[in-house]
Amino acid sequence: MSGGLTMDTGALVALERGNRRMAAVWRAALARNVPITVPAVVVAEWWRGQRGPAARLLDVVHVEALTDASARRVGQALALLTHKRPSIVDAAVVVSAATRGDVVYTADLDDIWSVRDAVAPSVVVSGVGA
């Protein structure tokens, strides 16, 4: 891991469920002080009143607000993808990661790849694994 990490909803769910690969990525990032970003729209999609360890995941990440400028970039990304249907969250994750050169961790490879390919081909995407 050389840059930061941006996590989508699937990555948070994987952590919450004890996914070994994501737990190893998480521990390595924390041990190396690698910045971990979670876009606020991801929190909105994931949060269901989590308690305990799941809720504490957000204590050590940067929750990135959706600003007017980033919202417009997300909208532009979605406009390029009229033939596919990635969500606003998918587009926000890619746009967020692209601003920092982060690696995206996701359980939704197809939609993240489609956004990445359209607007930020240099963004590295990694699946959460089993």
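Numbers for the structure displayed
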| quantity | calculated |
| --- | --- |
| Matching entry among 85, 100, 72 (being more than 19 Å from residue 125 (Cβ to Cβ) and open to solvent by 70 Å² or more (accessible area, probe 1.4 Å)) | 72 |
| Residue check, residue 92 at pLDDT 95 or above, small (Gly, Ala, Ser) and over 21 Å from residue 29 (Cα atoms) | yes |
| Every pair of residues 6+ apart whose Cβ atoms lie under 7 Å, when the first sits in the stretch 1-24 and is closer than 10 Å to residue 127 by Cα while the second is of a type in the set (A, V, I, L, M, F, W, C) and surrounded by fewer than 19 Cβ atoms within 10 Å (Cβ to Cβ) | 10/107; 11/107 |
| Subset of the stretch 45-60 (residues that are free of Cβ contacts under 8 Å to residues at least 12 places away in the same chain, open to solvent by 30 Å² or more (accessible area, probe 1.4 Å) and either of a type in the set (A, V, I, L, M, F, W, C) or in contact with a Ser or Thr (Cβ under 9 Å, 6 or more places away or on another chain) (or both)) | 47 |
| Criterion: more than 15 Å from residue 102 (Cβ to Cβ) and among the aromatic types (Phe, Trp, Tyr) - qualifying residue of 26, 46 | 46 |
| Residues of the stretch 2-42 satisfying the condition of being open to solvent by 70 Å² or more (accessible area, probe 1.4 Å) and under 13 Å from residue 106 (Cα atoms) | 21 |
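The values are calculated or read from the model by the stated rules, or taken from the named source; none is laboratory data. Predicted model only: the values in this text are computed from it and were never measured. For neighbour counting, all protein chains shown are included, and Cβ atoms are generated from backbone atoms with ideal geometry for every residue, glycine included. Quick note on the areas: whole protein, heavy atoms, side chains included, nothing else; ligands and nucleic acids left out. Shrake-Rupley method; radii C 1.70, N 1.55, O 1.52, S 1.80 Å.
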